[in-house]
Amino acid sequence: DGYQALAKCLLEMTPAQVIDVIKQSGLRGRGGAGFPTGMKWSFAAPNEADQKYFICNADEGDPGAFMDRSVLEGDPHAVLEAMAIGGYAIGASKGFVYVRAEYPVAVKRLQIAINQAKELGVLGDHIFGSDFSFDIELRLGAGAFVCGEETALIASVEGKRGMPMPKPPYPAQSGLFGKPTIINNVETLASVPLVLRLGPEEYAKVGTEGSKGTKTFSL
């Protein structure tokens with residue numbers, strides 16, 4: 001059912017409704033902080049800007065952790081679809097996947113998936129005949145563990161030294177190139193199409209009281 005969730009969003013839902021569904025699902029950030037995903041998106045959506053950005057954080061530097069890698073190598077399209085959904089929800093037209101250069105197979109498969117999505121018309125201009133356009137590029141990290149932190153990651157994408165910056169302002173207000181930016185982890189994003197296809201209630205049947213859905217572990 002690839003890209004059917006994106007089609008549903010673009011053809012049947014408003015951006016606010018998409019954010020509401022993600023909130024209802026109870027999906028939280030899988031990168032470690034556990035911040036509610038829908039709430040994060042809602043911080044960027046109302047901010048007026050000529051450009052907004054949506055970033056996938058695939059800079060998995062923890063020793064022995066391969067959750068993001070297994071998702072990116074196994075189902076890169078789920079992440080691309082989720083980024084486009086997130087872009088629609090917050091009003092962003094440009095996305096970046098910030099991925100570790102040490103994951104060559106993941107990088108290769110992501111690029112193949114981006115090319116396929118563009119050929120199929122599910123990335124690019126006027127997706128599914130709508131007014132929404134969204135494009136995704138890869139950015140390779142050079143192995144700096146600190147770039148997994150979102151403000152350091154933003155600096156790296158901008159071509160600067162990856163150093164964390166004090167907050168506020170938060171990326172949702174002033175992120176990449178000073179524009180409103182949302183950053184989500186790979187595994188968080190992989191759940192987004194599922195939430196929209198199954199519905200938030202169905203998704204929320206799995207997981208714990210405070211954190212709904214599935215979680216990938218690497219041993």
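The values are calculated or read from the model by the stated rules, or taken from the named source; none is laboratory data. Remember, predicted model here, so these are calculated numbers, not experimental data. Cβ: placed from backbone, ideal geometry, glycine included. Neighbour counts: every protein chain shown. When the accessible area is computed, the model is the full protein with side chains, heavy atoms only, and any ligands, DNA or RNA have been set aside. Shrake-Rupley method; radii C 1.70, N 1.55, O 1.52, S 1.80 Å.
Can you tell me, using C-alpha contacts under 8 Å and at least 6 residues apart, the relative contact order of the chain as a whole percent?
Working: 411 pairs, mean separation 67.9, N = 219.
Normalised by residue count, the contact order of the chain is 31 percent.
Sketch the reach of a paramagnetic label on H126 as a point 7 Å from Cα along Cα-to-Cβ, and name the residues of region 1-39 whose backbone nitrogen lies under 20 Å away.
Within reach of a label on H126: 6-13.
Hey, what number do you get for the chain at 222 nm if only DSSP H runs of n ≥ 4 count, each worth -39500 (n - 2.57), divided across all residues, to the nearest 500? It would help to have the intermediate numbers written out before the result.
Values: 9 runs with 93 residues, N = 219.
Calculated at 222 nm, the ellipticity per residue is -12500 deg cm²/dmol.
For N185, which sequence-distant residues (separation of 5 or more, or a different chain) have an amide H within less than 5 Å of its own amide H, given hydrogens modelled in the peptide plane?
When sequence neighbours closer than 5 places are left aside, the close amide H contacts are R30, G31, N57.
First compute the accessible area of the chain with a 1.4 Å probe, then give the percent of it belonging to carbon and sulfur atoms. Let's see the in-between values first.
Values: 5580 of 10230 Å².
Of all accessible area on the chain, carbon and sulfur atoms account for 55 percent.
Using the Kirkwood radius over C-alpha pairs as Rh, can you work out the diffusion coefficient of region 57-178 via Stokes-Einstein at 20 °C, viscosity 1.002 mPa s, in µm² per second?
Details: Rh = 15.1 Å.
Estimated via Stokes-Einstein, D reaches 142 µm²/s.
I want the antiparallel fraction of DSSP beta bridges within the chain, as a percent rounded to 5.
Values: 3 of 21 bridges.
Percentage antiparallel, nearest 5: 15.
Note down the nm distance, to one decimal, between modelled labels 7 Å out along Cα→Cβ at F217 and at M39.
2.6
Eight or more residues apart or on different chains, and alpha-carbon atoms under 28 Å: count the Lys pairs in region 1-136 matching that.
17
So if I place +1 on the C-beta of Lys and Arg and -1 on the C-beta of Asp and Glu, and nothing else carries charge, what would the dipole magnitude of the chain be about its Cα centre? I want it in debye, nearest 20.
Details: 21 positive and 25 negative charges, 74 e Å.
My answer is approximately 360 debye.
Looking at the square roots a ≥ b ≥ c of the eigenvalues of the Cα gyration tensor of region 105-170, which shape do they give, rounded for a/c under 1.5, prolate if a/b is larger than b/c, or oblate?
Cα axes put region 105-170 in the oblate bin.
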